[in-house]
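Read-outs: derived from the displayed coordinates by stated rules, not from any lab. These numbers come from a predicted model, not from an experiment. When we count neighbours, we look across all protein chains shown, and the Cβ atoms used for this are built from the backbone with ideal geometry, even at glycine.
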Amino acid sequence: MVVAAPALAADTAGLSPQMWERVRAVQPATIDLTPTPSPEAPAKLSLKDCIALAFRSNSGFRQDQERLLNARQALWVADERLFYTASTTADREKSPGGTAETSVSADLTTQWEARAGGSLQAGVGSGTQETFGNIFSQQPSLTLSYDQPLLRGFGLASSTAERVRSARTALGAQELSFYDGYQDLGERIISGYYDVLLARGEVEIAQRSADRAKQLYDINYAKFSGEGMKEPGEEWVSQVAEIDVDQARLSWERAKQQLISRQQAYRDAMDQLLLDMGFLPGATPELTTPILYSPQEYDEAALVKTALSNSTELGRLELSRQDTQATCRIARSEALPDVTATVGLTDLGETEGGVRVDTGWLGGVSVQMPLFDRRRREDVARADRDLNVLDQRILAARDVVAQEVQRQVRAAASSRARIDIGEQSAALARKSREGAQGMYDEGLSDYLRVLDAEDRLVEAERSLLQEQVQYFLTNVRLRRAVGEDITQGLPE
């Protein structure tokens, strides 16, 4: 089902115009909710490809689209102000001892509602008659009137204005929720994509470690057995102890175990990414976007200010505040007199030869004075309390927004510092391993020192890779905290 969008909500809800532009930019002009089977993943996928495909195939995102569509349609319905009804009644009756009689009547009524609360009503009826042969031969009716509330139900408190305002506010809140769902899915795909890259990098590290462990085992075994190291008939004296061979074999087996575990983690991460995209799991497409490390500097105060003007949570709370203010306004209006002015034309008299003989005007002012009602007073008091609580929630939410930006800035700085340390650690671990291997080859140290250096190198490489991925994801979370569209500006 493809449905075009009606008019969108216009209330800014305290958000910056730039934020509303981003919110509206991610909304589809048409929404297609037709069920489709899960497709197979292509052979190659970039990060941007994964995000675009997820927005097309993810089932949860379709539910967000449905909610947005429902809110749009609700505003369209609420904005309708012309209503009409047509009805026909036919009766056939027979009294005891009498003859059967048939009566027929038809009515058509229309009503047009103004935003300020007034309503124009028109109606025409055929009157009760036996047939429709001569519609004006009996008692037809014609009415036309305009009612305008003068106090209660006037202006913003009118039912029409409140209906449209409520639907418009609901659409604004749903637009913000849709943007959050868009950001949630985007962040999940980015995180899943880099989880796969991290798992793939750990597989490569584990593979290199297993290859080196096998080479070391082959060398130790050759030194112990002499295979390939002596001429035929030559007496061989082992250059290493049997314990070194066992330690080398144990290191190799452990490296193979680590490799199997990393391969399984890679497949699990890939399947999860495909499922989040709405694809069939089991495939292993090539991910073409690399892990990049690009350190950045941040102005924390400027970011907090931007985040407060772009926060969708604050926007939704502000829309809720408008609803609560409307509740207060309506509750207070119920204590006012209900004064309604009416003017119109009525034509309800007898006819002679199909011609109306009496036509009258109607007009007047009706007043209903509400007396003391404890329920009305409590409604006003409850609305005031709700407004106070909501204002407190807005203050608390502002603190949470600021704290989230500060937390992500600190996390980015901490991750950057750990990467600098990790790069030095990896270089030192690589140098230490080469030195330990050289000393072992010269017979100046035992094999345990080589194993220890190898373990430290693997751990340093893995830790550095994890920190580089973490730094990138921290920057994504920081961009989201300040209200940016995280699907834009990503590496190719």
**Study point:** Over the chain, relative contact order from alpha-carbon pairs under 8 Å, at least 6 apart, %
**Key:** 20 percent
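Taking Cα atoms of region 375-421, Rg/Rh with Kirkwood Rh, to two decimals? Please report the intermediate quantities before stating the final value.
Details: Rg = 20.5 Å, Rh = 13.6 Å.
Ratio of gyration radius to Kirkwood radius: 1.50.
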Exercise for review: Please compute P(r) over all alpha-carbon pairs of region 359-492, binned at 5 Å starting from zero, and give each bin as a whole-number percent.
Suggested key: 2, 8, 9, 8, 8, 7, 7, 6, 6, 5, 5, 4, 4, 4, 3, 3, 2, 2, 2, 1, 1, 1, 1, 0, 0
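At a 10 Å Cβ-Cβ cut-off, how would you order ARG208, ARG410, fewest neighbours first?
On the way: ARG208 15, ARG410 12.
Going from sparsest to densest Cβ surroundings: ARG410, ARG208.
Using a Förster distance of 25 angstrom, determine the FRET efficiency expected from the C-beta separation of SER141 and GLN111, and round it to 0.05.
Working: r = 16 Å, r/R0 = 0.64.
Calculated transfer efficiency: 0.95.
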Check your understanding: When only alpha-carbon atoms count, how far does the chain stretch along each of its three principal axes, as whole angstroms with the largest first?
Key -> 142, 55, 39
**Study point:** Subset of LYS44/LYS305; LYS256/LYS431; LYS44/LYS431; LYS223/LYS431; LYS223/LYS256 violating a 30 Å alpha-carbon distance limit
**Key:** LYS44/LYS305; LYS44/LYS431
Check your understanding: Using mean Cβ contacts within 10 Å as the protection proxy, how do 451-463, 413-425 order, highest first?
Key -> 451-463, 413-425
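Using Cβ contacts closer than 10 Å as the measure, can you line up LEU151, LEU292 from fewest to most? Could the numbers behind the result be given before it?
Working: LEU151 14, LEU292 10.
Going from least to most buried by this count: LEU292, LEU151.
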Point to revise | Ordering of 301-313, 381-393 by burial proxy (mean other Cβ atoms within 10 Å per residue, highest first) | key: 301-313, 381-393
Revision key, fill the gap. Listed by chain and number, the aspartates and glutamates with an alpha carbon less than 19 angstrom from that of LYS48, same-chain partners under 8 positions apart left out, are GLU40, ASP180, ASP184, GLU187, ASP195, ASP271, ASP276, GLU286, GLU484, ASP485, GLU492
Check your understanding: For the peptides 75-86, 468-479, 334-345, 166-177, what is the packing order when you average, over each peptide's residues, the other Cβ atoms within 10 Å and list the highest mean first?
Key -> 166-177, 468-479, 334-345, 75-86
Exercise for review: From zero up to wherever the largest Cα-Cα distance of region 178-325 sits, split into 5 Å bins and tell me the percent of pairs in each.
Suggested key: 2, 8, 10, 10, 10, 9, 9, 9, 8, 6, 5, 4, 3, 3, 2, 1, 1, 1, 0, 0, 0
